[in-house]
Every structure is written in structure tokens, then in C-alpha cells.
Amino acid sequence: EPEVTQTPSHQVTQMGQEVILRCVPISNHLYFYWYRQILGQKVEFLVSFYNNEISEKSEIFDDQFSVERPDGSNFTLKIRSTKLEDSAMYFCASSEPDRGTEAFFGQGTRLTVV
Amino acid sequence: QKEVEQNSGPLSVPEGAIASLNCTYSDRGSQSFFWYRQYSGKSPELIMFIYSNGDKEDGRFTAQLNKASQYVSLLIRDSQPSDSATYLCAVNDRQAGTALIFGKGTTLSVSS
């Protein structure tokens, strides 16, 4: 069964460093998303992406965040200068063109900022 | 501020019983309603979605929607220990590419 894949599964970085989280969405999906979940808290929307543009972003998605689809398969989230409070699970999700609201999640990247 | 509220639980049921999970939402413009299951340390897994008022059944799962009351529920029949997880309710406005707003989830524990 097709699935969203994310790499790495766990990343440890020092405060102030840049990180790039990678995702390969399901191949026929056209809508891509990033969510995060701080330990013990709810899943929070960061950004959605369609047709090489950001469709929607939340207040969390400030200037230190950026997204890119560098090629036909990958979708990335860059955090420019990480803070301790960026420590969380980051989930990539994707949805089909005709069923754009039913999002399927990858297994997540656990980001730890030290 | 769009909010989705769930009782955090834990909800404890014996094996074979019906588990009933509830969710309320604040935005009357919400049109799509989802139930995700999340095992500890894992990602959300979509198990049900419902768009229209009434019931929708899929195997042991039934989703119920009442837009007038802004209320969504999930019934799990014949609960199994493997159903033990956190169940997340999520809503959006049914526009493709828009944000899912999640509740904090209800933890279900099924004892054998």
C-alpha cells in the first residue's frame, strides 16, 4: 500500500543550526502538508502546499520555516535557526487531487534541539 | 480561534464492549470530520471520515455527525486490546489543501 515516507526518523541538532526534514508523498497526491506535535500536545498544522505554492500556513509557520519541492518526488521542511521549542515530532502528510481533505501521514521525524 | 474538544480519558472498556468517543468543534463552517488513531510514538492513521449528518459505518467503526450540535462521535464495536490507542478527532472546511484542526485526543484502553 502506498505510504508517505519521511527521513530521518530522528534528528538531534544544536540550537541555532539549520535542519531540513524530508518527505516523499504518495505518488499521485498533489496536496502536501507539514504538521508538528510537541510531546503530550495536540497535532498542529504548519503549512499546506499545492502546485508549487503555499496554500495555507499557520501562525507557527514564521520566517524561520520554509518548504520546498526540489524535485518531482521530495517535499522538504527547512527550519533555519532552530530553537529549543522546535523540539517535536514533525509529520508530513499528503492527499489526493479529488479527495483533498483526506490526509495520510508519514511516520514522522522526531526533532530534538539541544 | 477554531477549537476541537475531546475528553482526554482514559476511557477504559473490556474486550468485546462498545467504546464511544466524542468530539465537539467550534467552527460552524466545518464540513469534513475525521477520526485518526495514534499509537504511542507513532503517526496519526486515518480510520474514518464523514461529511454528512448521520451515521457512517466501516467494519467495527461507526462515525456519527450532528452538525446542528457541532458534535462528532466514533463507536468501536467488539473492542479489541489492539484498539488501545489515542483517537484524534480532526475537522476542516472541506477545501482541498486546508488545515486539519485536531483535538488533543482521547486515550482508549481495552482490557482483555
- Sorted by Cβ neighbour density within 10 Å, fewest at the top, the residues A:Met15, A:Met89: A:Met15, A:Met89
- Item | From the C-alpha gyration tensor of the range A:64-114, square roots of 5λ in Å | 24, 14, 9
- Note on the structure: Descending packing, highest mean Cβ count within 10 Å first, for A:50-59, B:39-48 is B:39-48, A:50-59
- Task: Give the peptides A:103-110, A:4-11 in descending order of average Cβ contacts within 10 Å, highest first.
- Result: A:103-110, A:4-11
- Report the extension gain between B:Arg94 and B:Arg77 in nm, rounded to one decimal, defined as 0.36 nm multiplied by the number of residues separating them, less their alpha carbon distance. 3.3 nm
- R0 of 41 Å, Cβ-Cβ distance A:Gln64-B:Lys67: FRET efficiency to nearest 0.05: 0.60
- Could you run the Debye sum over the Cα atoms of the protein assembly as shown, one equal point scatterer each and no solvent, and tell me log10 of I(q)/I(0) at q = 0.08, 0.12, 0.18 Å⁻¹, two decimals? -0.29, -0.65, -1.33
- Query: Per residue of B:41-47, what is the mean number of Cβ atoms on other protein chains within 10 angstrom of that residue's Cβ?
  - Reply: 6
- Ratio Rg/Rh, restricted to the range A:1-56 and using Cα atoms, in which Rh is the Kirkwood radius: 0.99
- For the pair A:Gln14 and B:Glu15, what calculated FRET efficiency results from E = 1/(1 + (r/R0)^6), where r is the Cβ-Cβ distance and R0 = 41 Å, to the nearest 0.05? 0.30
- Just from the alpha-carbon atoms, what are the Rg and Dmax of the range B:29-70 in angstroms? 11.7, 35
- Item | Contact order normalised by residue count of the range A:17-111, Cα under 8 Å, 6+ apart, percent | 36 percent
- Message: Run the simple label-point estimate for B:Arg28 and B:Tyr51 please: 7 Å along Cα→C-beta, distance reported in nm.
- Response: 2.2 nm
- Query: Given a Förster radius of 22 Å and the C-beta distance between A:Val114 and A:Lys42 as r, what FRET efficiency does 1/(1 + (r/R0)^6) yield to the nearest 0.05?
  - Reply: 0.35
- Message: Could you compute Rg(Cα) / (2.2 N^0.38 Å) for the range B:65-105, with N its residue count?
- Response: 1.45
- Message: So for chain A, considering every pair of alpha-carbon atoms, how many percent are separated by more than 23 Å?
- Response: 21 percent
- Query: Taking the DSSP beta bridges in the protein assembly as shown as the whole, what percent of them are antiparallel, to the nearest 5?
  - Reply: 90 percent
- Query: Rounded if a/c is under 1.5, else prolate if a/b beats b/c, else oblate: with a ≥ b ≥ c from the C-alpha gyration tensor eigenvalues square-rooted, which is chain B?
  - Reply: prolate
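Bear in mind these aren't lab numbers, they're just calculated from the coordinates by the rules spelled out. All values reported here derive from a predicted model rather than from experimental measurement. For neighbour counting, all protein chains shown are included, and Cβ atoms are generated from backbone atoms with ideal geometry for every residue, glycine included.
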